[in-house]
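This report concerns only the one structure given below.
The values are calculated or read from the model by the stated rules, or taken from the named source; none is laboratory data. What you see is a predicted model; the values in this text were computed from it and never measured. Neighbour counts run over all protein chains shown; Cβ positions are idealised from the backbone, glycine included. The area values use the complete protein model at the heavy-atom level, side chains included, leaving out ligands, DNA and RNA. Shrake-Rupley method; radii C 1.70, N 1.55, O 1.52, S 1.80 Å.
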Amino acid sequence: MFLPVHMLTGVLFTLGLAKTSQALRVDQDCQAVIDDYCRESCDLRSRGCDYPTVARYSGKSGTVEWRCYSPSTLDNNQTYRGGDCYCSRGHEIQEALSLCFNDVTTVFSTGMAGEHCYRIPTIIRLEQGPLLAFAEQRDPGCGDGGSNNLVMRRSTDDGQTWGDLITIAAGGGAPFSNPNPVEVDLGDHKLAVLLHYDTMNNPTSAHHGSNMQIWSYDGGATWVNSTNISAFMPEGYAGCMPGPSVGVQSMDGTIYFSCHGFGVNGFLYWSRDLGRTWRASEVLASLNECSIALLANQSIAMNCRTAGSFREQLTWAPDGSLLGEIRRPAGLVDPNCQGSLLAHGGALYLSNDNTTSGRTHIVVKRSADAGLTWDEGRLIWAGPAAYSQLVGMGDSRLGLLFELGVETTYESIGFRSWAVDG
């Protein structure tokens, strides 16, 4: 089902960040709708302002928002440059924009199956085509320390509709968390889905849960062979929190995941025997909630949340050794929140909140040089938004499963897909 109009006031999609400013560009027809609104509702000629006013997402640093601006207040890039010839109409403009779009599908939402909250989304696309969307089902509220079940829904029509809720692992009072799936080629034309998770949110070295893995051999319908793999984690990191993101499998069959825990410390871990045993890299300080992607040369790109207002990028060799230095690419600002990384069509894509002032404005950026530099990106949701996961959908489309809301951040988990630009 689609989100109703009143749930779309976060300002929807086909929006792109201009390379020269923070101004947003919208679909031409939608731009006409919001410009018409400004022309009718914001006539400032009695104050000596020029007319007609137009709708732009701009403003002073720290106060960027939708407003109706007189042309004289804008520079050549259609960005606010100064003056008081404008009307603050952000909410109304967002309402008008919401009428232009209905392409976000609700996958998990408040009240679904009688539960209060769904968080920490992730998603994969199986080789046969279905999408599997995962989340934590939290009770009694959205806090990290409640009783969490790990749940999943399946789509066979590229995310337009979703099947019944499937419980993968029931916490039974414990905060099961951070589902991390990957489709694994077992050889002999056999495929399975492997899911890693942990059994205690926000662990410490003295008080932690377990690292677990579980398998599905029928496309996510049933889950079996639950195994505790904590003993394979680095010394002192049993119970670390994987991802939250997805795993990857290289051409030689190696399966890779990331993990973090006990402060802001992250690492890569892998299996060369289809999950029977695991090895881990060195543990690196300052890395949190790292997402990984497999590059064409079989090295592993990693992009991480940090304790600051920026994201960090690094690359691992297939043997788990660090290649080069940890970098802070220009433009990768962040409000200290999770993001996701995806290799698709010879490029890297990153989803995260493109701001330092709160969990909002989720953007997908593209890198053509393995994460050294990033473009300005595509705005996916301008309202409250937080954790997310990218997914490739054939050669020409990408999808994003993400937390979003209108008034608050965790009202639902939605899915949106779009054509790849290049």
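Of the strands (runs of 3 or more DSSP E) that lie entirely inside region 268-385, those containing 2 or more residues that are over 30 Å from Tyr217 (Cα atoms) and at pLDDT 95 or above span 300-305, 311-316, 322-327, 347-353, 360-367.
Is it the case that region 218-230 has a residue that's closer than 14 Å to Asn149 by Cα, touching a Leu at 6+ places or on another chain (Cβ under 9 Å) and touching a residue at least 24 places away in the same chain (Cβ under 8 Å)? Checking region 218-230: at least one residue is closer than 14 Å to Asn149 by Cα, touching a Leu at 6+ places or on another chain (Cβ under 9 Å) and touching a residue at least 24 places away in the same chain (Cβ under 8 Å). Determine, yes or no, whether Gly236 is under 26 Å from Ser321 (Cβ atoms), open to solvent by 10 Å² or more (accessible area, probe 1.4 Å) and outside any strand (DSSP E or B). In short, yes. Among the residues that make up region 334-356, is at least one of them touching a residue at least 60 places away in the same chain (Cβ under 8 Å) and acidic (Asp, Glu)? No: zero hits. Select from region 286-333 the residues that are out of contact with any His (no Cβ under 7 Å at 6 or more places or on another chain) and charged (D, E, K, R) and write down the one among them that is surrounded by the most Cβ atoms within 10 Å (Cβ to Cβ). By that ranking, first place goes to Arg311.
The single residue among Tyr57, Tyr69, Tyr80 that is touching a residue at least 60 places away in the same chain (Cβ under 8 Å), under 21 Å from Leu379 (Cβ atoms) and not basic (Lys, Arg) turns out to be Tyr57.
Under the condition of being touching a residue at least 24 places away in the same chain (Cβ under 8 Å) and closer than 14 Å to Pro318 by Cα, the residues counted in region 248-277 number 15.
Return a yes/no flag: does region 30-41 have any residue that is modelled with pLDDT of 90 or more and touching an Asp or Glu at 6+ places or on another chain (Cβ under 6 Å). There is no residue in region 30-41 that is modelled with pLDDT of 90 or more and touching an Asp or Glu at 6+ places or on another chain (Cβ under 6 Å).
Selection of region 170-203 for residues being open to solvent by 30 Å² or more (accessible area, probe 1.4 Å), without any contact (Cβ under 8 Å) to a residue 40 or more places away in the chain and not small (Gly, Ala, Ser) yields Asp188, His189, Lys190, Met200. For His361, the conditions (1) touching a residue at least 40 places away in the same chain (Cβ under 8 Å); (2) closer than 16 Å to Cys337 by Cβ; (3) within 16 Å of the chain's Cα centre (by Cα) all hold with the exception of (1).
Tell me which residues, restricted to region 121-136, are part of a strand (DSSP E or B) and open to solvent by 10 Å² or more (accessible area, probe 1.4 Å). Residues satisfying the conditions are Ile124, Arg125.
Taken over region 60-83, the criterion of being hydroxyl-bearing (Ser, Thr, Tyr) and surrounded by fewer than 17 Cβ atoms within 10 Å (Cβ to Cβ) is satisfied by Ser61, Thr63, Ser72. The numbered conditions (1) under 16 Å from Pro121 (Cα atoms); (2) crowded, with 18+ Cβ neighbours inside 10 Å; (3) in contact with a Leu (Cβ under 8 Å, 6 or more places away or on another chain) are all true for Thr167 except (2).
Across region 103-118, the number of residues qualifying as open to solvent by 50 Å² or more (accessible area, probe 1.4 Å), in a helix (DSSP H, G or I) and touching a residue at least 24 places away in the same chain (Cβ under 8 Å) comes to 1. Out of all the residues in region 257-274, is one or more within 23 Å of Gly392 (Cβ to Cβ), touching a Gly at 6+ places or on another chain (Cβ under 6 Å) and aromatic (Phe, Trp, Tyr)? Yes.
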